[in-house]
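Asks: Dumping the structure here so I can ask a few things about it.
The values are calculated or read from the model by the stated rules, or taken from the named source; none is laboratory data. Keep in mind that what you see is a predicted model, and the values were worked out from it rather than measured. When we count neighbours, we look across all protein chains shown, and the Cβ atoms used for this are built from the backbone with ideal geometry, even at glycine.
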Amino acid sequence: MLKMLVPFDGSEASTRALDFAVRKKDRYKQDIELHVVNVQPPMPYGSTVTAAIGREAVNKYHRDEAMAVLAPAMQKLDAAGVPYVHHICVGDAGELIPQFAKEKGCDQIIMGTRGMGSTASLLLGSVATKVIHLSEIPVLLVK
């Protein structure tokens, strides 16, 4: 089974990457296992906020925010009949995506590019650039 990771943040770029994965799923000789991950940024003032409102409230906030972002992706995958597993992480997306892919034994990361400027880091986006540099597995960028 081929394991693919699609980071999804609700942006047009991540939606294009998800659409690409759905369109191309039948081209593979083996079944695919699709993992969709949303990486939430840490709370500002981290431990201070956690101490003030409690770890459970912070976890609930991250879970609620991530599920709101993931909902359209999950609906799209359900409608297309594509089996998937969704995940939520908290931290720096550029660092966590390759780490998460390695932990899950993924064979490929599929992600969109922002396309907002002419230099490489602006064209790809800082997260995509960081993922490319840190990933030990192939990263497929979708324009």
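Asks: Answer with yes or no whether Thr129 is out of contact with any Lys or Arg (no Cβ under 9 Å at 6 or more places or on another chain), at pLDDT below 95, farther than 23 Å from Met1 by Cα and loosely packed, with under 13 Cβ neighbours inside 10 Å.
Replies: No; evaluated as a whole, the condition is false for this residue.
Asks: I would also like to ask the following. Yes or no: region 38-50 includes at least one residue that is modelled with pLDDT of 85 or more, among the aliphatic types (A, V, I, L, M), in contact with a helix residue (DSSP H, G or I) (Cβ under 6 Å, 6 or more places away or on another chain) and at negative phi.
Replies: Taking every residue of region 38-50 in turn, at least one turns out to be modelled with pLDDT of 85 or more, among the aliphatic types (A, V, I, L, M), in contact with a helix residue (DSSP H, G or I) (Cβ under 6 Å, 6 or more places away or on another chain) and at negative phi.
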